[in-house]
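The next block holds one structure in the form of structure tokens; read it before the comments.
Each reported figure results from applying straightforward, stated rules to the coordinates on display, with no laboratory input. Keep in mind it's a predicted model, so treat the numbers as computed, not measured. We place every Cβ from the backbone using ideal geometry, glycine too, and count neighbours over all the protein chains shown.
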Amino acid sequence: IPVPASDAKQAKEKEEPAENKKQLDEEVKKKMKSMFVNELMRRYVITATLEMAQGTVGPLVKYPADDMVVAFYKKERDTELAGQDWDPEADCEYLRVAMKGAGTTESIITHIVATRCNMQRQRLKTMFKTMYGRDLVEDIKSELSGDYKDAILACFVSPAHFDAKCVKKAIYGLGTDELALIEILMTRTNEQIKEMRAVYGDVARPDQKTRATLIEDDIKGDTSGYFKKLLISASQGNRYELDKTKLEQAVEEIVNANGEGTGMFQVNYTKLADEKKAKRDAQRLFEAGEDRWGTDEETFNLIFATRDFYQLREIYKQYVKIAQADIRHAVDSETSGSYRKGLKAVAQSVMNRPKYFAERLMKAMKGIGTDEETLIRIIASRSEIDMVQIKAEFLEMTHKTLYRYIKEDTSFNFKKILQALVGRD
């Protein structure tokens, strides 16, 4: 039976809004997916993983009512800063008060350092010199002392310069601090390594004109064997990385029980790695270690130093199926010394980086004596990246919060700045 023209027109008019709504929904979902992918890539650049990472220190956008600078300005200037945008000039004035005249008010310095991010601290250095013709860092050096001074100064150095300083100290200090070299070179992203390489010459040997390979020269001169080769490989900052196209392919829409899209997205982690290549690499590792007399260290170095972290996770997973043992068992049984420690650091960082740092912090405070350098290095470098996750792993491991552990193992202003940076749980 023919459909009247008027009825067909009405049906078409009903279909058009539904089709338009469907197109609009698809456009919204596309934008939502793009935003999700961009956020994941932001995390990946900072941490080399897609997992949630959160620091305990972040930028101060507006002054809260209880900020010490707010109280100072209200009392001394009769000016209300609460709710106002962060002002480096106000912070610098308060810092100058803290260090001017007899004695130093350390609580002021601790407060500002622990509640402003590293980028803001760099602005404070520039503003302080502009306002007073004085070097803020030099003033801090002259006013403070001991581990507290070292912790404060660490927070006023850019991340790349801080890593470079720590590598220099690990190499040029009394003996070689292999664990510090491992901690830095095995856990940083490609971008972080390259930024550190760019400034290393200025930090280590500023008088030398040709600095391109300085970090490699220093590693060669202070380490040996396969450990040296592993460090040189890591110092290139050329590990394969997850690209955005591959990530977009792995991000999928979550569907409900009826199979309908929800407009929310998640990562299908199985798509981030090449299973066939992972099986092949796992077999190569097995044949290079547990399946032969002696060890082919070059194969371990090649795979551990070049594969991206998600590919390494899949390799380690496949290794268990082949060897019926964890990859760390192979590292323990087939390698030794600093080379073993370096490979294990890569494996631990790939599996759970916050846990790796939590273990390092625990060892720095456990037993007789305290490794203050390690405490400063990890807390200063991770406070804006993944300290929240590190604290959670630390609590799981020790059944005490990191805040309490610091309280029981350190003292005075050094204790206060570390506690302020990690925060209470």
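About its Cα centre, how strong a charge dipole does the chain have in debye, to the nearest 20, once Lys and Arg get +1 and Asp and Glu get -1 at the Cβ?
Its charge dipole is roughly 360 debye.
Assign one of three labels to region 130-193, namely rounded, prolate or oblate, based on the Cα gyration tensor with a ≥ b ≥ c the square roots of its eigenvalues; rounded applies when a/c is under 1.5, prolate when it is not and a/b is larger than b/c, and oblate otherwise.
oblate
Treat every Asp and Glu Cβ in region 68-144 as -1 and every Lys and Arg Cβ as +1, leave all other atoms uncharged, and give the resulting dipole magnitude about the Cα centre to the nearest 20 debye.
With Lys and Arg at +1 and Asp and Glu at -1, about 160 debye.
For residue 264, what residues show an amide H to amide H distance below 5 Å, using hydrogens built from the backbone and excluding near sequence neighbours?
Under 5 Å from the amide H of residue 264: 254.
With a/c under 1.5 counting as rounded, go ahead and sort region 174-282 into rounded, prolate or oblate using the C-alpha gyration tensor (a ≥ b ≥ c being the square roots of the eigenvalues; past the cut-off, prolate if a/b is larger than b/c, else oblate).
Working: a/c = 3.52, a/b = 2.44, b/c = 1.44.
Prolate, since a/c reaches 1.5 and a/b exceeds b/c.
Using each residue's phi in region 177-189, evaluate 6.51 cos²θ - 1.76 cosθ + 1.60 at θ = phi - 60° and report the 3J(HN,Hα) Karplus result to the nearest Hz, with x for Gly and Pro.
Values, residue by residue: 8, 4, 5, 5, 4, 4, 4, 7, 6, 8, 10, 7, 6 Hz.
So what are the ³J(HN,Hα) numbers for region 239-246, from phi and the Karplus equation (6.51, -1.76, 1.60; θ = phi - 60°), rounded to whole Hz, Gly and Pro as x?
Along region 239-246, the couplings run 4, 4, 10, 6, 9, 5, 4, 5 Hz.
Can you give the calculated 222 nm mean residue ellipticity of the chain, where each DSSP H run of n ≥ 4 adds -39,500 (n - 2.57) and the sum is split over every residue, rounded to the nearest 500 deg cm²/dmol?
-21500 deg cm²/dmol
Please arrange 117, 92 by counting, for each residue, the other beta carbons lying within 10 Å of its beta carbon, fewest first.
Result, fewest neighbours first: 117, 92.
Taking amide H positions as placed 1.01 Å from N in the peptide plane, with prolines and chain starts having none, which residues 5 or more places from residue 251, or on another chain, fall under 5 Å of its amide H?
Those qualifying (amide H under 5 Å, at least 5 residues apart or on another chain) are 268.
From the phi of every residue in region 155-172, what ³J(HN,Hα) in whole Hz does the Karplus formula 6.51 cos²θ - 1.76 cosθ + 1.60 yield, where θ is phi - 60° and glycine or proline is x?
Residue by residue, region 155-172 yields 7, 9, 9, 5, x, 5, 5, 5, 4, 4, 4, 5, 5, 4, 5, 5, 8, 8 Hz.
Once Lys and Arg get +1 and Asp and Glu get -1 on their Cβ, which of 327, 57, 46 lies farthest toward the positive end of the dipole of the chain?
So the residue furthest toward the plus end is 327.
Springs between alpha-carbon atoms under 10 Å, Gaussian network over the chain: tell me which of 97, 203, 388 tops the mean-square fluctuations.
Judging by the Gaussian network model, the answer is 97.
Taking Rh as the Kirkwood radius, which is the inverse of the mean 1/r over Cα pairs, what is the Rg/Rh value for region 293-425?
With Rh from the inverse mean 1/r over Cα pairs, Rg/Rh is 1.05.
Among 370, 356, 119, which residue has its Cα positioned farthest towards the positive end of the charge dipole of the chain, with +1 placed on the Cβ of Lys and Arg, -1 on the Cβ of Asp and Glu, and the dipole taken about the Cα centre?
370
Looking at the square roots a ≥ b ≥ c of the eigenvalues of the Cα gyration tensor of the chain, which shape do they give, rounded for a/c under 1.5, prolate if a/b is larger than b/c, or oblate?
oblate
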